Amino acid sequence: MKITKAFLPLGLTLAVVVSVTLSAMIWTNPAQYERNRQRSSNTPTTELNTRPQKDVYLPTQVLYSNELGNQELLNNRKVNLTTEIRESLAKWDLGRVQKIQVNSQADYMHYLNMKSSILMSYAAPINVKMFNKVFGSSLNRNNAEISRIMIPLNDSKHLYLLNDKNQEVYQVRVRDRNVKELRKILKENLFRINVKMQWLNKEAVPYVTNSVTVPSYSYLVNQQSTDYFTTRLLNKGESTNVSAKKNKDNTIYSDGASRQLTVYNKRGTALYEDYSALQSTFTFSQALSASYSAVKSIGIPMENLRYYGYNDARSTVTYRSFVEGFPIFNQSNYGAARIQMLSQGVRRYNFSLYSLQVPVPTDRKAVSLPSTQSVMNQLTAAGYNKSKISTVQLGYQWVTSTSSDKVVNLTPTWYVYYNGSWKTYTQLLKQQQ
């Protein structure tokens, strides 16, 4: 009791001294206080916007083949279907990986059309190392590239990792396997589109066999402030003086040394360039991980973001936003974000200033789209060279609402990757008229 009474006055005195000192710091240097307060207020936003790497690198498409070999493209509008399947597979014990000899495209297509199976597909290849991160496994052959995961429902001992590029098949030994959860997922109220896997030049594509009706959506959009991006990319928590130069079509912000941010307000896009990076070359694995870290550093919302493409020659990784299981195009010319890691330590990040917030009620009707073969027939009849069509993809076209610049309309349509760029099939047909 005596000790407590002795220390109580001393403790109160120290508390008063600390309080007065902190108050004096704020009174004499309010700018420093504001910067610290701004940093702390930005932190929760950053955490809310980020998404684990294992989610960004999930497959983008799920296809089911029943016992008769009939195939359906699946989507769940209430929960993320690929996440559900990943959580089920993560409980499996995956073992030895063995490469299987494939002699032709027909042999390879046998795996893509396997009866009673689930086929999970990527928009662009990953490698086994990334597969291990996504699915919590520890397979060998880390550098082997894959573009699909084939899960036989009637084979209790194996699953298969497939690579369309070279028609490669890797058989994975499975122990402690339980498909009951997967079968339960397949019985949920899913959006189903009848398809058939076929070759389109060198790409395996799920051909939609009949006309299909796909819903339209409208979303509130958010445009993040330029200050937000300059703080994250140029200041980075440092006391850096940022200069601004306004031009006719853009504004260029610079730290005066090695970093520059160009904002194109009319287009709603930005280009960040950093000439101070230490690492100049990347392996495929390093590019996938480094680009994810770059997207996190930008601070764009990642809730609907998915890995969508990789260009080895340019060391470029592309990410797109997804809605209801389909990719969004026209958010910008490159998607939601494009990360370039060039030689001599140069980094270029292209990204959209706009992001989707919440869906809003709309009277816009669902759109009826023709089958894949019908689209191909129309394009070839219009004079397009089929050999220059790399792939076709059901996706959403991002169009600003005429009634409000705070709303964007997402209209389903066919996108065609023709001669190195994405365009809607209607745009291509109009160009030939």
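Residues are listed down the side, and each one gets a yes or a no for (1) touching a strand residue (DSSP E or B) at 6+ places or on another chain (Cβ under 9 Å); (2) more than 18 Å from Ile85 (Cα to Cα); (3) surrounded by fewer than 19 Cβ atoms within 10 Å (Cβ to Cβ); (4) of a type in the set (Gly, Ala, Ser):
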residue	(1), (2), (3), (4)
Ser137	yes, no, yes, yes
Arg141	yes, yes, yes, no
Asn154	yes, no, yes, no
Leu159	yes, no, no, no
Asp164	yes, yes, no, no
Glu181	no, no, yes, no
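Checking the condition over 30 Å from Leu288 (Cα atoms), crowded, with 17+ Cβ neighbours inside 10 Å and at pLDDT 95 or above, which residue from Tyr349, Tyr384, Tyr396, Tyr415 passes? Spell out the reasoning first.
Numbers: Tyr349 fails: over 30 Å from Leu288 (Cα atoms); Tyr396 fails: over 30 Å from Leu288 (Cα atoms); Tyr415 fails: over 30 Å from Leu288 (Cα atoms).
So the residue among Tyr349, Tyr384, Tyr396, Tyr415 that is over 30 Å from Leu288 (Cα atoms), crowded, with 17+ Cβ neighbours inside 10 Å and at pLDDT 95 or above is Tyr384.
Answer yes or no as to whether Tyr272 is modelled with pLDDT of 95 or more and open to solvent by 40 Å² or more (accessible area, probe 1.4 Å). Explain how you work it out, then say what you get.
Working: modelled with pLDDT of 95 or more: yes; open to solvent by 40 Å² or more (accessible area, probe 1.4 Å): no.
Judged against the criteria, Tyr272 is not a match.
Which residues, taken from region 142-171, are closer than 15 Å to Phe131 by Cβ and over 26 Å from the mean Cα position of the chain (by Cα)?
Gln171
Quick check: is even one residue across region 362-375 open to solvent by less than 40 Å² (accessible area, probe 1.4 Å), touching a helix residue (DSSP H, G or I) at 6+ places or on another chain (Cβ under 9 Å) and not in a loop (DSSP other than H, G, I, E, B)?
Yes, region 362-375 contains a residue that is open to solvent by less than 40 Å² (accessible area, probe 1.4 Å), touching a helix residue (DSSP H, G or I) at 6+ places or on another chain (Cβ under 9 Å) and not in a loop (DSSP other than H, G, I, E, B).
Need at least 2 residues that are within 19 Å of Gln171 (Cβ to Cβ) and modelled with pLDDT of 95 or more per element, so show me which helices (runs of 4 or more DSSP H) inside region 54-159 make the cut, counting only ones lying wholly within it. Spell out the reasoning first.
Values: elements: 81-89, 105-112, 128-135.
Where helices (runs of 4 or more DSSP H) fall fully within region 54-159 and carry at least 2 residues being within 19 Å of Gln171 (Cβ to Cβ) and modelled with pLDDT of 95 or more, they are 105-112, 128-135.
For region 277-346, please list each of the strands (runs of 3 or more DSSP E) lying entirely inside it that holds at least 2 residues being open to solvent by 20 Å² or more (accessible area, probe 1.4 Å).
305-311, 316-323, 337-342
Go through region 191-255 and tell me which strands (runs of 3 or more DSSP E), entirely inside it, have 3 or more residues that are surrounded by 14 or more Cβ atoms within 10 Å (Cβ to Cβ).
On the way: elements: 191-200, 203-208, 212-214, 217-223, 243-246, 251-254.
Of the strands (runs of 3 or more DSSP E) lying wholly inside region 191-255, those with at least 3 residues that are surrounded by 14 or more Cβ atoms within 10 Å (Cβ to Cβ) span 191-200, 203-208, 217-223, 251-254.
The values are calculated or read from the model by the stated rules, or taken from the named source; none is laboratory data. Keep in mind that this is a model prediction, so the values were computed, not measured. All Cβ positions, glycine included, derive from the backbone under ideal geometry; neighbour counts span all protein chains shown. Accessible surface areas use protein heavy atoms only, side chains included; no ligands, DNA or RNA. Shrake-Rupley method; radii C 1.70, N 1.55, O 1.52, S 1.80 Å.
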